Amino acid sequence: MSALNILHVDKTFGNTQVLKDISLAIESGEFLILVGPSGCGKSTLMNAIAGLEPVTSGDIQIGGEDVTWRTPAERDIAMVFQSYALYPSMNVRQNIAFGLEMRKMPKAQREEAVARVADLLQITPLLDRKPSQLSGGQRQRVAMGRALAREPQIYLFDEPLSNLDAKLRVEMRTEIKKLHQRLGTTIVYVTHDQIEAMTLADRIAVMRDGEILQLGTPDEVYNDPVDMFVAGFMGSPSMNFIPVTLVSRDDGYVLRVLDEQDPTGAPLELPWPPAREAQALHEWVGERLILGVRPEHFVEDETRMETSFDGTRLDVMATVVEPTGADILLQATLSGTEVTMRLGPKSQVAAGERVALRVDMSRAVLFETTNQRRVA
Amino acid sequence: MSQTDSPLPRSRAKAARHSLSGSLERMLPRLVIAPSLAVALFFVYGYMLWTFVLSLTDSGMLPQYDFIGFAQYARLFANERWNVAATNLVVFGGLFIILCLFLGLMLAILLDQRIRQEGALRTIYLYPMALSLIVTGVVWRWILNPGLGVESLVRSWGFEDFTFDWLVNPDMAIYALVMAAVWQASGFVMALFLAGLRSIDDNLFKAAALDGASLPKVYWRIVIPCLRPVVFSAVMILAHIAIKSFDLVMALTGGGPGYATDLPATFMYTYTFTRGEIGLGSASAIMMLCGVLAILVPYLYSELRGNKHG
Amino acid sequence: MDNVIRRRTPGARMLRAGLYALLMVMALVYLLPLVVMLLTSLKPLEEIRAGGLLSLPDSLTFAAWLKAWGSACTGTRCEGLSGYFMNSVSIVVPAVAISTLMGALNGYALTKWRFRGANLCFALLLFGCFIPFQVVLMPMAQTLGWLGLASSTSGLVLVHVVYGIAFTTLFFRNYYVSIPDEMIAAAKLDGAGFFRIFWRILLPISGPIITVSVIWQFTQIWNDFLFGVAFAGFGSQPVTVALNNLVNTSTGVKEYNVDMAGALIAALPTLVVYVVAGKYFVRGLTAGSVKG
Ligand SMILES: Nc1ncnc2c1ncn2[C@@H]1O[C@H](COP(=O)(O)OP(=O)(O)OP(=O)(O)O)[C@@H](O)[C@H]1O
Ligand SMILES: [Mg+2]
């Protein structure tokens with residue numbers, strides 16, 4: 001039975017439709033992450049789940065019961081707001097305890113709960129301060145604490161870590177993961193952080209303009225995107241998109257990389273792995289398509305051995321080299337298209353040098369140019 | 001390294017400083033402020049001092065400068081009519097402030113419930129503030145007059161024994177003043193509170209709803225405490241209105257019956273301009289100033305301190 | 001207020017109906033004096049004497065309005081309110097114009113040309129908003145006498161300008177503070193001087209605050225009674241003073257309908273302004289008292 005079931009939910013504000021036919025089933029204990037560009041309706045969807053904004057049409061079920069018209073209090077949900085929404089006149093302790101007090105929890109138990117979350121979130125020294133006396137990150141932790149003090153059926157987190165510094169953010173991420181493993185509570189979580197999304201989620205829902213484009217495990221969303229938007233949105237640096245034409249040869253399909261600047265030169269051709277010959281590919285022969293390759297699917301060809309040559313070797317000119325510490329990002333022009341590649345930290349490439357690379361075509365994807373849907 | 005190019009701008013700046021138009025330009029802001037400042041220094045601070053000096057003299061019909069120390073103040077405090085006026089101010093001011101705050105807050109909260117026609121209602125509650133207090137006094141005097149006003153209206157509905165004689169009853173006349181003044185100013189307090197409510201983050205209501213708080217609890221525990229600064233400003237403005245109240249008394253009761261509804265403002269006017277006791281009148285004016293300062297200084301103090309924090 | 005889903009029990013629905021009822025009743029209470037004023041002013045005197053504060057007039061008559069305007073007695077003179085109405089106009093117009101202009105210049109100089117002591121200047125000016133005017137009455141009367149302005153319209157204009165500057169300066173200062181200094185800095189770099197910047201850059205964007213200031217000063221000065229009664233002579237009394245005299249003139253029968261018509265005449269200009277530009281009126285009232 002799903003813990004949270006969203007069925008054909010629409011939401012309009014005045015004339016603008018902010019949520020368009022959203023359907024989503026979340027299993028009990030699942031960690032679902034919502035991602036999408038700013039303004040795509042993530043917070044609105046959270047508000048709809050919590051009953052903070054009535055939906056225009058559609059149904060919401062929690063634990064199999066229809067709660068579409070239930071009040072927020074009756075839904076047994078705790079939420080961390082993007083803007084914290086701490087009660088300005090109460091100190092941290094009172095902020096955390098307020099929800100428990102409203103639910104008639106005895107005082108002793110309340111204090112215990114406050115102490116527990118304060119300890120967890122390292123805010124014990126702040127308990128007697130007012131929100132106005134806290135930094136952004138501290139406020140965010142108090143907002144987390146207010147939700148964690150309760151034990152609801154569902155937690156909603158709207159970008160709960162966005163204001164923390166990098167170190168605390170990693171710590172909190174781990175804490176949230178542990179917490180989820182320990183409590184097994186259903187969580188819906190909004191984030192802009194790719195790593196947060198990939199590491200925390202059981203499933204990721206990618207939204208755009210009020211629609212869910214893809215719902216799947218992090219691996220599915222990352223490696224098997226349904227369209228160019230999802231492919232480009234997930235992953236940082238984002239996937240390279242290279243215009244190609246599909247050509248059929250005797251020994252299989254080949255992608256001819258178009259070079260707008262230099263149409264006369266010999267075009268680069270990349271063989272499509274025979275193992276991945278999709279049924280539908282023959283329809284697209286002679287058509288323009290977009291090849292998607294993630295930066296890490298380029299490998300520096302140190303051996304320069306001709307023996308294993310399978311046609312995926314490239315010779316490119318490095319224009320920019322950006323060491324990030326863990327690896328090296330390389331910008332280069334590939335037949336007129338700027339591409340980013342992620343190379344191992346030991347790479348000796350310098351800007352202006354030529355470098356030999358291989359492309360792992362088995363992970364590459366193909367999109368239509370018109371509606372940007374996935375072809376193969 | 002910058003030695004080669006720095007002398008140029010510096011000498012230019014120097015030239016500008018020495019040129020007539022440059023220094024005029026620099027003085028202009030001060031020159032623009034100067035008249036207003038001079039006016040304030042003379043007409044506000046100078047006059048305060050002047051009135052204080054007058055309050056130390058034996059001035060009667062005309063100002064004159066035979067100093068008699070604080071004798072006028074002693075006379076003032078011994079003056080029965082002043083004591084009535086001062087007591088009246090406490091009663092009038094206290095009730096006026098409390099009722100305005102209560103009504104204003106109530107109306108603001110009620111109007112904040114996604115009311116249709118909110119704009120029209122707000123306009124209706126606030127329009128008395130646009131009227132002259134003289135007009136307010138004239139109309140309430142008519143409504144409250146025992147012969148043909150509300151009293152006779154209610155009697156004509158069949159309640160023959162109904163009496164509503166506040167205007168002519170020395171014990172009650174002060175409440176008639178309160179009533180008219182509250183009618184006039186409560187809409188303004190509502191506007192203040194409404195502006196305060198509108199500046200509260202919507203998400204606070206949402207968070208409280210998730211926490212399971214009922215709407216009255218949300219207001220009582222979360223929203224009203226946020227409005228503390230508004231209450232503070234409103235009290236301060238209302239107290240100020242109360243102390244300055246002059247027009248309303250003149251038009252509604254004329255200070256009567258007898259001097260039952262005298263306030264310090266009318267007391268001062270009567271003694272200075274009609275009774276020819278300028279010395280005593282000035283002393284009462286200075287006492288009014290002290291009253292205003294007593295509420296103003298703590299207010300400004302907390303305002304300025306608050307600004308440093310924010 | 002939020003849009004949170006709330007219980008739709010019969011009780012909640014009743015509560016909402018009650019809420020509307022309460023708001024309507026309060027609206028009626030606030031409107032009542034205005035309605036009474038209007039009804040009374042349109043009735044003949046006999047009908048008023050017969051009672052019925054709220055009854056509609058049987059025979060509608062504008063006689064009381066005509067009398068209040070043209071021939072009612074205010075004290076010893078019986079020329080109606082028309083002359084005093086015009087007095088008010090000729091006090092209000094110059095006083096509003098001058099005090100608004102000075103307030104704008106002050107606010108500009110205080111915020112965009114921060115010289116040493118600007119804050120002190122502002123604090124000193126601001127105090128003028130708070131003094132009880134009783135404390136300046138006597139010295140002002142003497143000063144006006146010395147200046148030869150006693151009992152004159154110009155004298156009243158002077159008084160209103162002097163004590164209005166504090167408010168107008170407050171309005172403009174608070175408005176200009178929120179305008180980015182970069183705008184002024186850019187104009188200074190372009191070589192514009194003090195007045196040119198004011199005229200070409202600040203004034204064109206000052207529309208709303210000029211409206212607030214004009215409306216505030218207009219209502220304050222129009223509604224003033226204290227200065228009018230203390231400093232005006234027969235020829236310069238404003239309409240509020242005349243209205244008070246009209247109502248308190250005890251010769252002859254008490255003509256309530258004329259009193260009410262007079263009150264409405266005195267109230268009409270500010271009421272019209274309020275209805276037309278209520279938004280700015282509220283902004284003036286709340287200026288500085290609610291932050292954010
Ligand atoms: N109360 C409202 N009235 C009208 N439009 C609204 C309202 N709330 C949100 N919107 C609009 O709905 C759209 C979605 O807003 P929402 O806050 O859900 O975005 P989001 O995905 O959470 O963005 P972000 O990542 O910036 O938080 C936006 O275009 C926003 O302007
Ligand atoms: Mg959001």
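The values are calculated or read from the model by the stated rules, or taken from the named source; none is laboratory data. No experiment lies behind these values; they were computed from the predicted model shown. Here Cβ is always computed from backbone atoms with ideal geometry, including for glycine, and neighbour counts include all displayed protein chains. SASA here: full protein model, heavy atoms, side chains in, ligands and nucleic acids out. Shrake-Rupley method; radii C 1.70, N 1.55, O 1.52, S 1.80 Å.
For this structure, a couple of remarks:
- Taking 7 Å steps out from each Cα toward its Cβ at C:Asn119 and C:Met183 produces label points 2.4 nm apart.
- Lone cysteines, the protein assembly as shown (no partner Cβ under 4.7 Å): A:Cys40, B:Cys100, B:Cys226, B:Cys290, C:Cys121, C:Cys129
- Mean separation of Cα contacts under 8 Å, 6 or more apart, over the residue count of chain C: relative contact order %: 28
- Selection from C:Ala27, C:Asn3, C:Pro57 lying farthest towards where the dipole of the range C:2-61 points positive, charges on Cβ: C:Asn3
- Note: relative contact order over chain B, using C-alpha pairs below 8 Å and six or more positions apart, is 28 percent.
- Convex hull volume of the Cα atoms of the range C:82-287, normalised per residue: 139 Å³.
- Size estimate for the range C:2-61 follows the Kirkwood approach: the inverse of mean 1/r over distinct Cα pairs works out to 14.5 Å.
- Positive-end residue of A:Ile123, A:Leu32, A:Ala326, charge dipole of chain A with Cβ unit charges: A:Ile123
- Pairs beyond 23 Å (Cα-Cα), from A:Lys107/A:Lys178; C:Lys43/C:Lys254; A:Lys178/B:Lys217; A:Lys42/A:Lys167; A:Lys130/B:Lys217; B:Lys244/C:Lys254: A:Lys107/A:Lys178; A:Lys178/B:Lys217; A:Lys42/A:Lys167; B:Lys244/C:Lys254
- The accessible-area ordering, largest first, of the residues A:Ile290, A:Ile242 stands as A:Ile290, A:Ile242, per a 1.4 angstrom probe.
- FRET efficiency, 1/(1 + (r/R0)^6) with R0 35 Å, evaluated for A:His192 and A:Thr319 via beta carbons: 0.80
- Span-like helix check, chain C: qualifying full DSSP H segments, with Cα axial length of 30 Å or more and mean Kyte-Doolittle of 1.0 or more, are C:10-41, C:153-177.
- Within chain B, helices built from complete DSSP H runs that reach 15 Å or longer along their own axis (Cα positions) and carry a mean Kyte-Doolittle hydropathy of 1.6 or higher are B:80-111, B:133-144, B:173-198.
- Entry note, the range C:2-61: relative contact order of 26 percent, from Cα contacts under 8 Å with a spacing of 6+ residues.
- Charged-residue dipole, Cβ positions (Lys, Arg, Asp, Glu), the range C:2-61 about Cα centre, Debye nearest 20: 600
- Shown for the range B:193-279 is the translational diffusion coefficient from the Stokes-Einstein equation, using the Kirkwood radius over Cα pairs, a temperature of 10 °C and a viscosity of 1.306 mPa s: 96 µm²/s.
- FRET efficiency, B:Trp220 to B:Asp161 (Cβ-Cβ, R0 51 Å, nearest 0.05): 0.80
- With contributions of -39500 (n - 2.57) from each DSSP H run of at least four residues, the per-residue ellipticity at 222 nm computed over the protein assembly as shown stands at -16000 deg cm²/dmol.
- Placing A:His297, A:His192 in order of accessible area, with the largest value first and a 1.4 Å probe, yields A:His192, A:His297.
- Interface of C with B. Using a 1.4 Å probe and counting protein heavy atoms only, the two chains hide about 8400 Å² of accessible surface, both sides summed.
- Simple spin-label estimate for A:Lys104 and A:Glu74 gives 1.7 nm between the two label positions (7 Å along the Cα-to-Cβ direction from each Cα).
- Quarter of the Cα convex hull surface for the protein assembly as shown, i.e. its orientation-mean projected area (nm²): 57.7
- Here is what passes the span test in chain A: the DSSP H helices with alpha carbon length of 15 Å or more along the helix axis and a Kyte-Doolittle mean of 0.0 or above are A:92-102.
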